[in-house]
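Undergrad: Questions regarding the structure given below will be posed in turn.
The values are calculated or read from the model by the stated rules, or taken from the named source; none is laboratory data. Everything quoted here is computed from the prediction, not taken from an experiment. Positions of Cβ are backbone-derived with ideal geometry, glycine not excepted, and every protein chain shown enters the neighbour counts. Keep in mind that these areas ignore ligands, DNA and RNA; they rest on the heavy atoms of the full protein, side chains included. Shrake-Rupley method; radii C 1.70, N 1.55, O 1.52, S 1.80 Å.
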Amino acid sequence: MSGILATLRRELCAYFFSPLAWALLTLLLVINGTIFALIISFLSDPRSAGGRPLDFFFSSSWVVLMFIVPLLTMRLISEERSSGSIEVLMTAAVTELQVVVGKYLAALLFYLFLWLPTLAYAAIVAGYSEIDWGTIASGYLGIFAAGAVFLAIGTLASSLARNQVVSGVITFAVVFFLFLVFGSLQSLVNSSVWKEFFAYLDVAGQMDDFARGVVDSRHLVFDLTTVIFLLFVTSRTLAAKKWR
Amino acid sequence: MSESNLPPSQQSPPSMARRRTVEASTLGVGLVLAVLLLGLVNYFAWKYYKQFDWTSSEIYTLSEKTKNVVGSLTQPVEVVVFTGPGVAMGEQSLELLERYRALSPQLRLREVDPIKNLSEAERLLERYATHYQEGTVKVVFDNGASRRIFEEDDLAEYDYSPVQMGGPPTVTGFKGEAVFTGALVELASGERPTILFTVGHGEKKLDDFSGNGLRGVQELLGRDNVTMEEWASLGKQVPEATSLIVVAGPRGNFSAPELEAFTAYLDGGGRMLWLLDPALSAIADLQAAPLGDWLAGYGIELGEDLVVDPDQALPFFGADTFFVNAYGSHPVILPLAETQTAVILALARSVTASNDETPGRTRTELLETSSGGWGETSLERLPEVEAEETDLLGPVSLAVAVEEIAPEAGPDDGSSDSAPAGEKSAGMRMIVFGDSDFAADNQIGNQGNAALIDNAINWLLERDTLLGIPPKKPEQVRLSLTRQQLWRTYLLTALLPLLAIVAGMVVYFKRRR
């Protein structure tokens, strides 16, 4: 546990003292702000069909996720490998799994910090109309759950590539693929079983459910087990490199 | 210190190779086990799941009634949803039925896109003897022995007011839960309503191919799991298991014993639908007495007239063929009123609710002409007619619904039931239309005619309204922001990234110091 905490503390400091982190926060707020402003303009039009503003916001948050996650995770392990500091880390009194979990938790906490200012949007909407805090809570749970899975993918990609850019590109490609492919496959197949299977894997569909206030145990189990599996694979990847 | 405990760089080559093999094998086996475990856990999560509704209005929470009904299913029910991409009501139906499925493994859900999967759709549509209209949704409940079929109009309540401003109509309520749970109750009970169509008085027939028959009505009701039979009423009592008697366009009159049999049937909570045409000597000899007197006993005045409405006459037709879009307040015509759908009548007579109120019964006029219409009584001078003092001046009522209400219950206003949820009311119900042609094969396809006859029969049978499950009202937030408020919102939104930049600069300069 102490190994995880030590790694977590070290990584969090690296995030918060890095200019990249603040640039990321600015980028996220610019993209999210633009989306939010567009939603407000749309719903202010009397010809619009109406809807809950933050439902639209949460449903469209996958666009932001695709760009933010690779930037957050690309340096996690790749940087250590390219600078050679991974050798020092691996000979310290921490296991590979503790290193991976510590680094992953740091990325997850920083990811949550990035989304924190968007609560201001809920406050703005609350000033103009009634607001459903239950739906907002489930919307944020959706962002957290999807982010947790993608950060685990990014952590694994970072352990596979020595180059940070390569790691970022792999993460982006996988996240992009996951967002698009299962939704598309659902509309391509005719079998109900396959449709359900692809819906189960469809993270974008999951986020829609969370955005409208539905919390489904299937989504939570899928996300949690995928994160655990990916972190396990990442730690095994690091262990394997030790013996090459 | 043994060699295997040394770092790899200090180990001898054979020992290193052995170690690598062991490590690779362990890693491989570990990965395979992890994948198996991942698959196993997710398989069970997929099979047995639970959904939680975090919305404050609990819009995605099923009622206790639905949970009990679905949870107690003992035989498999296949639910087939015919829909296409972008059909909002199809998506809502699927989402709702997914939640039903989570409650019972007996419920099998199947989605079919008739455009993409034509052969499967055609096979199923043929099996269910129905059709699919592109861009809509059709839901079929089938337990092997019987089935219920629902169209888009059965599932939604619409608000058409945005259309006037160029916007799309909005769904104000989704009735899916009441409709679907009602269907499951019916299928589980095995009840199959029996509708008798009287014969022997020149009525319209179920198997008439001339265009004047009721094959369209038969098809409409056939999807709803009902038994339809023709029945000669002369000299007989109404059979015990009769759910509804339909009298469609009789030309001859009914004898007193027949009417007495109807009275006894209605007194026992029976249901009747009368589709009556004008007593024109050229086309019918149906006079007011004794049927008119009998109906008067239920507070219904059958007019000895022919209704004309020049203001609403159809192009190229006489004033006796007109459209009606003025509706009363009643569940039968509520969907038509909401969707502003007209019905087309031809050669109709007036049917009016009488003023004297019999306790325990309510009478509601369902349709009426415009104020420019009237009930022409000088039938011998047709077709040159003018409104005269002796005529029934407009607006003229064309249909009346009568309902007997139990003392402790209120009338059926469409939002609540006159009977306790889950039970049919004990009181009689009857609807009298002053026209039968609107339900005939050559006219049932016009505008809202099919919906009118379908709604009337469903109301008489008390279908879909037995459970007291209210429609779900989606939260449609419309932000009516002024220009100033909009600009303030944009400014606040722009302020957040600026604050992030400032915070970043503060951290950066503090670190440099």
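Undergrad: Given the structure, is A:Phe197 assigned to a helix (DSSP H, G or I), in contact with a Phe, Trp or Tyr (Cβ under 9 Å, 6 or more places away or on another chain) and open to solvent by 20 Å² or more (accessible area, probe 1.4 Å)?
TA: Details: assigned to a helix (DSSP H, G or I): yes; in contact with a Phe, Trp or Tyr (Cβ under 9 Å, 6 or more places away or on another chain): yes; open to solvent by 20 Å² or more (accessible area, probe 1.4 Å): yes.
Judged against the criteria, A:Phe197 is a match.
Undergrad: Go through (1) open to solvent by 50 Å² or more (accessible area, probe 1.4 Å); (2) at pLDDT 90 or above and name the single condition B:Val77 misses.
TA: The number of the failed condition is (1).
Undergrad: Pairs please, first residue from the range A:124-141 and modelled with pLDDT under 85, second anywhere and of a type in the set (Phe, Trp, Tyr), Cβ atoms under 8 Å, 6+ apart in sequence or on different chains.
TA: Qualifying pairs under 8 Å: none.
Undergrad: Let me ask something else about it. Anything in the range B:192-227 that is without any contact (Cβ under 8 Å) to a residue 40 or more places away in the chain and touching a helix residue (DSSP H, G or I) at 6+ places or on another chain (Cβ under 6 Å)? List them, or say none.
TA: Once the filter is applied, which keeps residues that are without any contact (Cβ under 8 Å) to a residue 40 or more places away in the chain and touching a helix residue (DSSP H, G or I) at 6+ places or on another chain (Cβ under 6 Å), the range B:192-227 yields only B:Leu206.
Undergrad: Still on this structure, I have one more. Got at least one residue in the range B:114-121 being open to solvent by 70 Å² or more (accessible area, probe 1.4 Å), polar (S, T, N, Q) and over 25 Å from B:Arg463 (Cα atoms)? Working first, answer last.
TA: Looking only at the range B:114-121, we keep the residues that are open to solvent by 70 Å² or more (accessible area, probe 1.4 Å), and these are B:115-116, B:118-119.
Of the ones still in play, those that are also polar (S, T, N, Q) are B:119.
Still in the list and also over 25 Å from B:Arg463 (Cα atoms): B:119.
Checked against the condition, which is being open to solvent by 70 Å² or more (accessible area, probe 1.4 Å), polar (S, T, N, Q) and over 25 Å from B:Arg463 (Cα atoms), the range B:114-121 yields at least one hit.
Undergrad: Going by the structure shown, is B:Leu220 of a type in the set (A, V, I, L, M), in the same structural domain as B:Ala451 (by TED's automatic domain parsing), assigned to a loop (DSSP other than H, G, I, E, B) and within 26 Å of B:Leu345 (Cβ to Cβ)? Walk me through how you get there before you give the answer.
TA: Working: of a type in the set (A, V, I, L, M): yes; in the same structural domain as B:Ala451 (by TED's automatic domain parsing): yes; assigned to a loop (DSSP other than H, G, I, E, B): no; within 26 Å of B:Leu345 (Cβ to Cβ): yes.
Answer is no for this residue.
Undergrad: Turning to a different aspect of this structure: So which residues in the range A:215-239 are within 20 Å of A:Val175 (Cβ to Cβ), among the polar types (S, T, N, Q) and facing another protein chain (nearest Cβ under 7 Å)?
TA: A:Thr225
Undergrad: For a quick check of your reading of the model, give me the residue pairs whose first member lies in the range B:305-333 and is without any contact (Cβ under 8 Å) to a residue 24 or more places away in the chain, whose second is small (Gly, Ala, Ser), with beta-carbon atoms closer than 7 Å and at least 6 apart or on different chains.
TA: Cβ pairs passing all conditions: B:Ala313/B:Ala319; B:Asn325/B:Ala342.
Undergrad: Additional query: So which residues in the range B:253-279 are open to solvent by less than 20 Å² (accessible area, probe 1.4 Å) and at pLDDT below 85, if there are any at all?
TA: Once the filter is applied, which keeps residues that are open to solvent by less than 20 Å² (accessible area, probe 1.4 Å) and at pLDDT below 85, the range B:253-279 yields only B:Ala279.
A quick yes/no check of all residues on (1) within 14 Å of chain A (Cβ to nearest Cβ); (2) at pLDDT 85 or above:
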site	(1), (2)
B:Leu125	no, yes
B:His131	no, yes
B:Glu134	no, yes
B:Lys138	no, yes
B:Ser146	no, no
B:Ser161	yes, no
B:Val171	yes, no
B:Lys175	no, no
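Undergrad: Under 7 Å by Cβ, and 6 or more places apart or on different chains, what pairs join a residue from the range A:106-122 that is among the hydrophobic types (A, V, I, L, M, F, W, C) with one that is at pLDDT below 90 and not in a helix (DSSP H, G or I)?
TA: Cβ pairs passing all conditions: A:Ala107/A:Leu76; A:Ala122/A:Ile131.
Undergrad: Does A:Ala137 fit the bill of being open to solvent by 10 Å² or more (accessible area, probe 1.4 Å) and assigned to a helix (DSSP H, G or I)? Quick ask: steps written out before the conclusion?
TA: Working: open to solvent by 10 Å² or more (accessible area, probe 1.4 Å): yes; assigned to a helix (DSSP H, G or I): yes.
The answer is yes for A:Ala137.
Undergrad: A follow-up question, please. Working only within the range A:3-29, note down all residues that are open to solvent by less than 40 Å² (accessible area, probe 1.4 Å), in a helix (DSSP H, G or I) and not hydrophobic (A, V, I, L, M, F, W, C).
TA: Once the filter is applied, which keeps residues that are open to solvent by less than 40 Å² (accessible area, probe 1.4 Å), in a helix (DSSP H, G or I) and not hydrophobic (A, V, I, L, M, F, W, C), the range A:3-29 yields A:Gly3, A:Thr7, A:Glu11, A:Tyr15, A:Thr26.
Undergrad: Could I ask something else about it? Please return the ranges of strands (runs of 3 or more DSSP E) entirely within the range B:22-133 where 2 or more residues are in the same structural domain as B:Arg147 (by TED's automatic domain parsing) and within 21 Å of the chain's Cα centre (by Cα).
TA: Working: elements: B:51-53, B:77-82, B:107-112.
The strands (runs of 3 or more DSSP E) meeting that bar are B:77-82, B:107-112.
Undergrad: Another one. Taking the range A:159-194 on its own, how many of its residues are open to solvent by less than 60 Å² (accessible area, probe 1.4 Å), away from chain B (no Cβ under 12 Å) and not in a helix (DSSP H, G or I)?
TA: Result for the range A:159-194: 1.
Undergrad: Conditions: (1) at pLDDT 90 or above; (2) at the interface with chain A (Cβ under 10 Å from one of its Cβ atoms); (3) open to solvent by 30 Å² or more (accessible area, probe 1.4 Å). B:Asn42 meets all but one. Number of the miss?
TA: (3)
Undergrad: From B:Ser25, B:Ser57, B:Ser63, grab the single residue that is among the hydroxyl-bearing types (Ser, Thr, Tyr), at the interface with another protein chain (Cβ under 10 Å from one of its Cβ atoms) and either more than 21 Å from B:Ser104 (Cα to Cα) or surrounded by 13 or more Cβ atoms within 10 Å (Cβ to Cβ) (or both). Can you show your working first?
TA: Values: B:Ser25 fails: at the interface with another protein chain (Cβ under 10 Å from one of its Cβ atoms); B:Ser63 fails: at the interface with another protein chain (Cβ under 10 Å from one of its Cβ atoms).
That would be B:Ser57, the only listed residue that is among the hydroxyl-bearing types (Ser, Thr, Tyr), at the interface with another protein chain (Cβ under 10 Å from one of its Cβ atoms) and either more than 21 Å from B:Ser104 (Cα to Cα) or surrounded by 13 or more Cβ atoms within 10 Å (Cβ to Cβ) (or both).
Undergrad: Here are some conditions: (1) within 14 Å of another protein chain (Cβ to nearest Cβ); (2) at pLDDT 85 or above; (3) open to solvent by 50 Å² or more (accessible area, probe 1.4 Å). B:Thr493 meets all but one. Which one does it not meet?
TA: (3)
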